[in-house]
Amino acid sequence: MKIDKIVIFGANGMLGTNLVKTFKYYDIYAFSKSQVNITNRNVVFNKISKIKPSLVINSAAYTNVDGSEKNRKKAFNVNGEAVKIVAEACKKNKAIMIHFSTDSVFDGRKKGGYKENDEVNPINAYGKSKALGEKYLIETLDNYYLIRTSWLFGGHEENFVNNILKLAKENKELKVVNDQFGRPTYIKDLAENIKEIVTTKKLFGIYHITNSGTTTWFKFAKKIIKLAHLNNQVKQMKLKELDGLAKRPKYSVLLNTKLPTLRHWSSALKEYLGI
């Protein structure tokens, strides 16, 4: 199928903003969450039926991990039920769908990381809501790309890099978790990889996209401080010391077995910081 019209939901978010930039030479219909509430079936069906896109990208999500424990209904509506709505609208209008998921669908107990076909086993409400969205997508459509990613940074919204830089201005000493492992992902690299998948017409299915290199939040923070030429002390803390409502998977490294390897996260971090 030739890709012409593209609908992007969640277009004002950190990832959505970059997707709009990356696909700027296409005929894009970009909707923020205030313009299109993807939990509203009638609105979603009307938009997609009217525009008749060949591709629908759903970058809308409720990503507050601790907030999902308190607002389970919202998490499951946005990350689960809404995915079914968008997928059914895509099926009705014969559109390809791209949807984003997370390393949080895994329990973090598998040493060595997770491949695309590994069984999901989330341990918190956020992960369970995203796993439900994955289930609905796979059951509803054949022509989909399910993109799992992790530890996103970039853009102008709140993300780990920006938060560390902000905290560094307010505190001489930072305490960061050093027993949770994952792979940081620069949203610019992610968005460009999505475009590559679309333009080269990769086989439909599940893909893991992150920058290469496994690290901890502590080492990630240390690198940020170093590259920013700051003198803050970064100290280690255990995951169990984290003042959070949700359980976190300890080793949620996403293994990419289908696509060319992306550059190391530290190289992407340098670009983001303008170094």
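The values are calculated or read from the model by the stated rules, or taken from the named source; none is laboratory data. None of the values given here were measured: they were computed from a predicted structure. Note that each Cβ is placed from the backbone with ideal geometry, even for glycine, and that neighbours are counted across all protein chains shown. Heavy atoms of the whole protein, side chains included, go into the accessibility calculation; ligands, DNA and RNA do not. Shrake-Rupley method; radii C 1.70, N 1.55, O 1.52, S 1.80 Å.
Give the residue from 211, 193, 138 lying farthest towards the positive end of the charge dipole for region 119-275; charges sit on Cβ (+1 for Lys and Arg, -1 for Asp and Glu) and the dipole is referred to the Cα centre.
After comparing all options, I get 211.
Suppose we keep just the DSSP beta bridges with both residues in the chain; what percent of those would be antiparallel, to 5?
5
On C-alpha positions alone, give me the angle between the axis of helix 82-92 and the longest principal axis of the chain, in degrees, nearest 10.
30
Semi-axes, largest first, in whole Å: what does sqrt of 5 times each Cα gyration tensor eigenvalue give for region 133-275?
30, 18, 12
Using amide H atoms built 1.01 Å from N in the peptide plane, name the residues 5+ places from residue 212, or on other chains, whose amide H lies under 5 Å from its own.
262, 263, 264, 265
Could you please state, rounded to a whole Å, how far the C-alpha centre of region 45-122 is from the C-alpha centre of region 134-161?
7
Once you wrap a convex hull around the alpha carbon atoms of the chain, what is its projected area averaged over all directions, in nm²?
Directional mean of the projected Cα hull area for the chain stands at 13.8 nm².
For residue 240, which lysines qualify as cross-link partners when the Cα separation must be under 21 Å and same-chain residues fewer than eight apart are set aside?
Result set, ordered by chain and number: 70, 110, 111, 128, 175, 219, 222, 250.
Using the heavy atoms of the protein chains and a 1.4 angstrom probe, tell me the accessible area per residue for region 5-127 in square angstrom.
Value for region 5-127: 46 Å² per residue.
Tell me, what % of the accessible area of region 180-241 is carbon and sulfur with a 1.4 angstrom probe?
Percent of accessible area from carbon and sulfur atoms in region 180-241: 49.
How do 73-82, 26-35 rank on mean C-beta neighbours within 10 Å, highest first?
Order by mean packing, descending: 73-82, 26-35.
Would you mind telling me the share, in percent, of accessible area of region 93-166 contributed by carbon and sulfur at probe 1.4 angstrom?
47
Please report the antiparallel percentage of DSSP beta bridges with both residues in region 157-275, rounded to the nearest 5.
Here the antiparallel bridges make up roughly 20 percent for region 157-275.
As I understand it, the value is the acute angle between the Cα axis of helix 41-51 and the longest principal axis of the Cα atoms of the chain; what does it come to in degrees, rounded to 10?
In the chain, helix 41-51 runs at an angle near 70 degrees to the longest axis.
Report the calculated FRET efficiency for residue 135 and residue 167 (r = Cβ-Cβ distance, R0 = 35 Å), to the nearest 0.05.
Once rounded, the FRET efficiency stands at 0.40.
Remind me, relative contact order of the chain in percent, using alpha carbon pairs under 8 angstrom and six or more residues apart?
It rounds to 21 percent for the chain.
Per residue, how many Å² of accessible area does region 157-275 show with a 1.4 Å probe?
On a per-residue basis, region 157-275 sits at 54 Å².
Evaluate 2.2 N^0.38 Å with N set to the residue count of region 84-145, then give the Cα radius of gyration divided by it.
The reported ratio for this selection is 1.22.
Please list, in chain and number order, the residues 5+ apart from residue 30 or on another chain whose amide H is under 5 Å from its amide H, with Hs placed from the backbone.
Distant-sequence amide H within range of residue 30: 8.
What translational diffusion coefficient, in µm²/s and rounded to a whole number, does the Stokes-Einstein relation yield for region 1-53 at 10 °C and a viscosity of 1.306 mPa s, taking the hydrodynamic radius as the Kirkwood radius over Cα pairs?
D = 139 µm²/s.
Listed highest first by mean packing, meaning other Cβ atoms within 10 Å per residue, what order do 258-264, 37-43, 122-128 come in?
Descending packing order for the listed peptides: 122-128, 37-43, 258-264.
Quick one: which residues, 5+ away or cross-chain, put their amide H under 5 Å from the amide H of residue 98? H built at 1.01 Å from N.
HN-HN under 5 Å from residue 98: 56, 57, 58, 145.
What spacing in nm lies between the two simple spin-label points modelled at residue 66 and residue 115, each 7 Å away from Cα in the Cβ direction?
Spacing of the two 7 Å Cα→Cβ label points: 3.7 nm.
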